Structures are given as structure tokens and as C-alpha cells.
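Undergrad: One structure coming up, written as C-alpha cells, with questions to follow.
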Amino acid sequence: MTTSVTALDQLNLAFAERFNARDLDGLMALNAPGVVFVPAPGQPVTGDAAVRGALEQFLGLNLPITMTVRRAFEAGGVGLAVADWTITGTGPDGSEIALAGTTADVAVYDEEHGWRYAVDNPFGTV
């Protein structure tokens with residue numbers, strides 16, 4: 001069982017840890033009900049199946065993600081988490097992969113689940 005995230009500035013780091021462990025269920029547990037995930041700029045997906053499928057595509061690269069938290073702001077159980085991330089290396093087909101972005105993630109907090117994504121927007125500044 002994965003643990004909840006109790007500090008907003010740890011949410012993106014928890015994502016990276018679970019991503020690098022290839023823990024899809026752990027990644028899904030970081031999402032609030034009705035989450036919006038934006039796997040490509042301007043292309044949001046919703047619903048567990050669509051979000052899971054998009055995350056599986058990223059995990060399918062079989063490359064690690066690095067995450068550097070820039071800022072986290074919260075007010076009344078709602079937060080904004082901003083972090084820089086990169087996924088680089090050689091993909092499964094031998095091609096070079098170089099993905100990067102700066103997140104702009106909206107998160108919500110509740111006592112039972114901790115901080116979770118309401119909008120997971122890895123290309124938030126695009």
C-alpha cells in the first residue's frame with residue numbers, strides 16, 4: 001500500500017518516486033476522483049481508464065523521470081505545485097528520447113488521502 005502525501009511540496013516527488021518504481025497503481029492513487037491529466041500540451045484526458053492508459057505510455061518508455069520542485073502554494077485545501085521534470089535516454093526502440101517540461105498542477109487535500117492531483121498538467125507552461 002502506498003502512503004499518502006502530507007506536504008504539497010512532496011506531491012511531485014512522490015510522483016517521480018512511483019514513476020521510477022513503475023508503480024502504476026501508486027501513480028493512480030495520487031489522483032483525486034475526476035482528475036484531469038494532460039499527457040500532451042492542450043490534450044487533457046479524464047476518467048481512470050484514459051489516465052491509466054496515458055501513464056502507461058510514459059512508463060512504457062522504461063526511462064526514469066527526474067523532478068525538481070520549484071514552488072508549492074496552498075490555500076484552504078487547494079494547492080498549486082510547480083516542478084521541472086525530464087525524461088531522457090534511449091527508448092525501447094533504440095531512439096533517443098528527450099522529454100521535459102514544467103508542471104502546473106492543481107492539487108486538493110483531505111485528511112484521509114492527503115494531497116492528490118485534481119489537474120496533473122506536466123506541460124503546464126506550454
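The values are calculated or read from the model by the stated rules, or taken from the named source; none is laboratory data. In this text the structure is predicted, and so the values were computed from the model without any measurement. We place every Cβ from the backbone using ideal geometry, glycine too, and count neighbours over all the protein chains shown.
Undergrad: Where residues in the range 1-35 are part of a loop (DSSP other than H, G, I, E, B) and within 24 Å of L61 (Cα to Cα), which of them is farthest from the chain's Cα centre (by Cα)?
TA: T2
Undergrad: Another question, then. Would you pick out the residues in the range 18-32 that are among the hydrophobic types (A, V, I, L, M, F, W, C) and in contact (Cβ under 8 Å) with a residue 12 or more places away in the chain?
TA: F19, L24, L27, M28, A29, L30, A32
Undergrad: Hey, another quick one. Could you grab me the full set of residues in the range 1-25 that are modelled with pLDDT of 95 or more and more than 17 Å from Y109 (Cα to Cα)?
TA: Residues satisfying the conditions are A16, E17, R18, F19, N20, A21, R22, D23, L24, D25.
Undergrad: Going through the range 36-73 one residue at a time, which ones are charged (D, E, K, R) and surrounded by fewer than 16 Cβ atoms within 10 Å (Cβ to Cβ)?
TA: D48, E56, R70, R71
Residue by residue, here is whether (1) in contact with a helix residue (DSSP H, G or I) (Cβ under 7 Å, 6 or more places away or on another chain); (2) surrounded by 14 or more Cβ atoms within 10 Å (Cβ to Cβ); (3) touching a residue at least 60 places away in the same chain (Cβ under 8 Å); (4) on the phi > 0 side of the Ramachandran plot holds:
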site: N12; (1), (2), (3), (4): no, yes, yes, no
site: A16; (1), (2), (3), (4): no, yes, yes, no
site: G34; (1), (2), (3), (4): no, no, yes, yes
site: G76; (1), (2), (3), (4): no, no, no, yes
site: G79; (1), (2), (3), (4): yes, yes, yes, no
site: A107; (1), (2), (3), (4): yes, yes, yes, no
site: E111; (1), (2), (3), (4): no, no, no, no
site: W115; (1), (2), (3), (4): yes, yes, yes, no
site: N121; (1), (2), (3), (4): no, yes, yes, no
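Undergrad: Another question, if that's okay. Determine which single condition V82 fails, assuming it passes every other condition in (1) over 19 Å from T6 (Cα atoms); (2) touching a Lys or Arg at 6+ places or on another chain (Cβ under 6 Å).
TA: The number of the failed condition is (1).
Undergrad: Can you pull out the residues in the range 91-120 that are under 13 Å from V35 (Cβ atoms) and under 15 Å from the mean Cα position of the chain (by Cα)?
TA: Across the range 91-120, the qualifying residues are D105, V106, A107, V108, W115, R116, Y117, A118, V119, D120.
Undergrad: Turning to a different aspect of this structure: Please count how many residues of the range 81-105 are among the acidic types (D, E), closer than 19 Å to F123 by Cβ and surrounded by fewer than 17 Cβ atoms within 10 Å (Cβ to Cβ).
TA: 1
Undergrad: Take the residues in the range 68-126 that are assigned to a strand (DSSP E or B) and hydroxyl-bearing (S, T, Y); name whichever of them is nearest to G26 (Cα to Cα).
TA: Applying the filter and picking the extreme gives Y117.
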